[in-house]
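For reference, the structure is listed below as structure tokens.
The values are calculated or read from the model by the stated rules, or taken from the named source; none is laboratory data. What you see is a predicted model, and the numbers here were worked out from it, not measured in a lab. Please note: Cβ atoms are built from the backbone with ideal geometry, for glycine as well, and neighbour counts cover all protein chains shown. The accessibility values were calculated without ligands, DNA or RNA, using every heavy atom of the protein model including side chains. Shrake-Rupley method; radii C 1.70, N 1.55, O 1.52, S 1.80 Å.
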Amino acid sequence: MRRVALPSFTLRAIRARLERIRFTHPEVLLFSTRIGTPHTTNNVRRQLREVMERAGVPDVTPHRFRRTAATAINEIGGLQLASELLGHSDPAITREHYIRRDETVNPATAGYLEQAFGSSVESRGRAGVKGIGIGETRDRGSLDDRIVS
């Protein structure tokens, strides 16, 4: 049996759930079907899909929750901790399948590109040259000289 520490917001939700279901015995499931049996994986997916669609949030799956948690833990506590949370024996599995890479590009790059190419592109636009792709001609200004192949 794995033991997982839970954040306070999760504990509050569980306590509220226990009050609603009138928790009376340690063997009672926190989440069960109407007849007290465990939910199947398909039931969990279907119920989650219905709730999220009603909330206007499409395409949410249990796997996406795991990815989100793993990514957050990785960013704050590192890959090893994220891997332990998910129960993976090899952190490479966590990194390859669960950690969402931050694809945000440093905004400073826009300024650098503006410095390097902005004035040449603007002068082309003012000269009425439209539809000419970068590198198509050499007689349209110094922009082509700065393109690295």
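Within the assembled protein chains, the solvent-accessible surface assigned to Leu85 is about 70 Å², based on a 1.4 Å probe. The distance between label points at Arg66 and Arg46 comes to 2.1 nm (points 7 Å beyond Cα on the Cα→Cβ vector).
Taking the Cα atoms of region 1-127, the ratio Rg/Rh between the radius of gyration and the Kirkwood radius comes to 1.21. Taking label points 7 Å from Cα along the Cα-to-Cβ direction, Arg22 and Leu6 give a separation of 2.1 nm. Our coupling estimate for region 11-22, obtained by passing each phi through the Karplus curve with A = 6.51, B = -1.76, C = 1.60 and θ = phi - 60°, is 4, 4, 5, 5, 4, 5, 5, 4, 5, 5, 8, 6 Hz, Gly and Pro reported as x. Applied to region 56-71, the Karplus parametrisation 6.51 cos²θ - 1.76 cosθ + 1.60 on θ = phi - 60° returns per-residue 3J(HN,Hα) values of x, 10, x, 6, 9, 10, x, 4, 5, 4, 4, 4, 4, 4, 4, 5 Hz, with x for Gly and Pro. A 1.4 Å probe run over region 7-88, with the rest of the protein chains in place, finds 78 Å² accessible per residue.
In this structure, Leu30 and Thr109 have a Cβ-Cβ separation that, at R0 = 41 Å, corresponds to a calculated FRET efficiency of about 0.30. Let me know the shape class of region 3-60, please: from the alpha-carbon gyration tensor, a ≥ b ≥ c as square roots of the eigenvalues, rounded when a/c is under 1.5, otherwise prolate if a/b is greater than b/c, or oblate. Here region 3-60 falls in the oblate category. Per-atom-type breakdown for region 67-107 gives carbon and sulfur 52% of the accessible area (1.4 Å probe, protein chains only).
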